[in-house]
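Asker: Let me begin by handing over the structure; questions about it come next.
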Amino acid sequence: MKAIVTRKYGSPDVLQLNEVDKPTIKDDEVLVKVRAASVNAADWHMLRGAPFPIRFVSGLLKPKNAIPGADFSGVIEAAGSSVTEYKPGDEVFGDLSNSGWGAFAEYVAAPADAVVLKPTGVTFEEAAAAPMAGATALKGLRNQGQIQPGDKVLVIGAGGGVGTFAVQIAKSYGAEVTGVCSAGKVGMVRSIGADHVIDHSQDDVTQSDNLYDFILDTAAFRASSDYLPRLSDEGVYVLVGGSTKRMIQVMFAGGGKTPAGRKRISNFLSMPNRPDLDTLRALMESGKLKPAIGERYTLSELPEAMRRVEEGRAVGKAVIVMEHND
Ligand SMILES: NC(=O)c1ccc[n+]([C@@H]2O[C@H](COP(=O)([O-])OP(=O)(O)OC[C@H]3O[C@@H](n4cnc5c(N)ncnc54)[C@H](OP(=O)(O)O)[C@@H]3O)[C@@H](O)[C@H]2O)c1
């Protein structure tokens with residue numbers, strides 16, 4: 001089968017399209033013919049082995065897992081002897097970031113408990129776009145922010161992977177959503193349901209008079225404290241991602257309540273789990289959530305897709321569409 005292989009850390013140039021053996025499955029795994037995969041910021045972090053601490057998980061000197069890629073969708077071709085809930089022909093999607101990666105390939109061996117059935121009426125591409133970014137947005141809004149109907153929610157990085165899911169999931173909770181993004185993404189962010197969109201090259205949201213119950217920051221390239229004046233009395237600022245420096249600052253500060261009031265700062269690390277995938281499936285099936293796919297690539301074009309995502313240029317999600325010759 002064809003797969004992207006990385007034998008050393010580096011830029012997208014180290015990604016090679018190679019012919020490799022089709023994976024064999026263990027008793028508790030399924031063999032999935034991959035129909036689509038999607039690119040997350042985590043993929044380029046793994047590619048570069050940066051920030052350095054991730055190497056304690058990904059491999060100190062070179063990547064432990066030769067085939068990258070977490071998010072995928074596809075059709076089960078074979079199921080291991082102890083797998084009871086799936087059979088060949090079932091359409092599934094999942095996130096392999098906690099179970100060996102390997103999604104940027106024509107076939108993948110996935111633990112059965114890392115996949116769920118693909119939502120009906122949703123394309124393979126849409127399903128592959130959802131797992132990591134969708135689950136991160138969901139956890140940020142539901143677990144960290146405890147979002148309520150009527151909340152005023154600000155999503156920073158609303159035109160990116162996590163942001164496009166956050167806008168739609170917040171709307172599904174009945175929130176009033178403002179998205180912040182660059183000029184080229186304004187139309188798309190409006191089209192996915194944001195009530196208000198701020199182009200950060202024109203307006204600085206930290207200088208406005210608006211107050212938000214909840215700020216989800218997926219593009220933290222400025223200090224969290226800049227946003228605190230924009231939080232309502234018991235508002236929550238949740239840092240999802242952005243510059244490593246900002247992430248580390250909030251991580252070491254430990255989050256918690258602000259000294260002067262009841263506002264709260266928090267951050268979290270999203271780990272894949274089945275209940276979140278099931279929630280995303282239900283949201284997609286109901287039509288409340290439609291992954292915003294801004295770009296499509298073939299497997300051989302993965303380096304370009306990675307570059308676009310790393311530079312923050314990708315609009316919504318970048319999806320790899322698998323071309324099988326058999
Ligand atoms: N905490 C967790 O568990 C978790 C899980 C998933 C992702 N993350 C992190 O969350 C962040 C967002 O992930 P994502 O998948 O949404 O990424 P993404 O699709 O690349 O979106 C990030 C957005 O950040 C903005 N941006 C501004 N300046 C940028 C720069 N210098 N470089 C890159 N982007 C820039 C871009 O929006 P504009 O062009 O509109 O400015 C871009 O759309 C990443 O840092 C990722 O590592 C964390």
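Rule-based calculations on the coordinates, nothing more; no lab input. As the structure is a prediction and not an experimental result, all values here were calculated from the model. In this analysis, Cβ positions are derived from the backbone assuming ideal geometry, glycine residues included, and neighbour counts consider all displayed protein chains.
Asker: Residue by residue through the range 227-242, what is 3J(HN,Hα) from phi via Karplus (6.51 cos²θ - 1.76 cosθ + 1.60, θ = phi - 60°)? Round to whole Hz and write x for glycine and proline.
Answerer: 8, 4, x, 8, 8, 5, 3, 10, x, 10, 10, 10, 8, 9, x, x
Asker: Run a plain Debye calculation on the range 225-325 (Cα atoms as equal point scatterers, no solvent) and give log10 I(q)/I(0) at q = 0.16, 0.25 Å⁻¹, rounded to two decimals, same order as the q list.
Answerer: With no solvent term, the Cα-only Debye profile gives -1.01, -1.16.
Asker: Mind checking which helices in the chain clear 15 Å along their axis (Cα) and have mean Kyte-Doolittle hydropathy of 0.5 or more, DSSP H runs only?
Answerer: 161-172
Asker: Per residue, how big is the convex hull of the chain when only Cα atoms are used? Give it in Å³.
Answerer: Working: hull volume 41.3 nm³, N = 326.
Taking only Cα atoms, the chain has a hull volume of 127 Å³ per residue.
Asker: Per q in 0.14, 0.16 Å⁻¹, report the Debye log10 I(q)/I(0) for the range 132-267, using one uniform scatterer on each alpha carbon and no solvent.
Answerer: Computed log10 I(q)/I(0) values: -0.54, -0.71.
Asker: So, one more: Which of these, Val309, Val20, Val32, has the largest mean-square fluctuation under a Gaussian network model of the chain (Cα springs below 10 Å)?
Answerer: Val20
Asker: Using a 10 Å cut-off around each Cβ, can you sort Met284, Met188 from fewest to most neighbouring Cβ atoms?
Answerer: Numbers: Met284 24, Met188 20.
Placing the least packed residue first, the sequence is Met188, Met284.
Asker: Using amide H atoms built 1.01 Å from N in the peptide plane, name the residues 5+ places from Val197, or on other chains, whose amide H lies under 5 Å from its own.
Answerer: Here Gly179 satisfy the definition.
Asker: Still on this structure, I have one more. Hey, any idea what Rg/Rh is for the range 92-163, computing Rh the Kirkwood way over Cα pairs? Present the calculation step by step, with values, prior to reporting the outcome.
Answerer: On the way: Rg = 14.6 Å, Rh = 14.1 Å.
Rg/Rh for the range 92-163 comes to 1.03.
Asker: Arrange Val5, Val167, Val153 by Cβ neighbour counts within 10 Å, fewest through most, would you?
Answerer: On the way: Val5 18, Val167 30, Val153 25.
By the 10 Å Cβ count, ascending: Val5, Val153, Val167.
Asker: Taking only Cα atoms and a 10 Å spring cutoff, compute GNM fluctuations for the chain and point out the largest among Asp217, Asp209, Asp113.
Answerer: Judging by the Gaussian network model, the answer is Asp209.
Asker: Over the chain, what is the mean sequence separation of C-alpha contacts under 8 Å (at least six apart), divided by residue count, expressed as relative contact order in percent? Numbers along the way, then the final one.
Answerer: On the way: 773 pairs, mean separation 61.3, N = 326.
Worked out over the chain, it gives 19 percent.
Asker: Skipping prolines and chain starts, which residues have an amide H placed within reach, meaning under 5 Å, of the one on Ile215, given they are 5 or more residues away or on another chain?
Answerer: Leu154, Val236, Tyr237, Val238
Asker: Say the cut-off is 18 Å between C-alpha atoms; which of Lys62/Lys245; Lys290/Lys317; Lys118/Lys139; Lys2/Lys118 go over it?
Answerer: Lys62/Lys245; Lys118/Lys139; Lys2/Lys118
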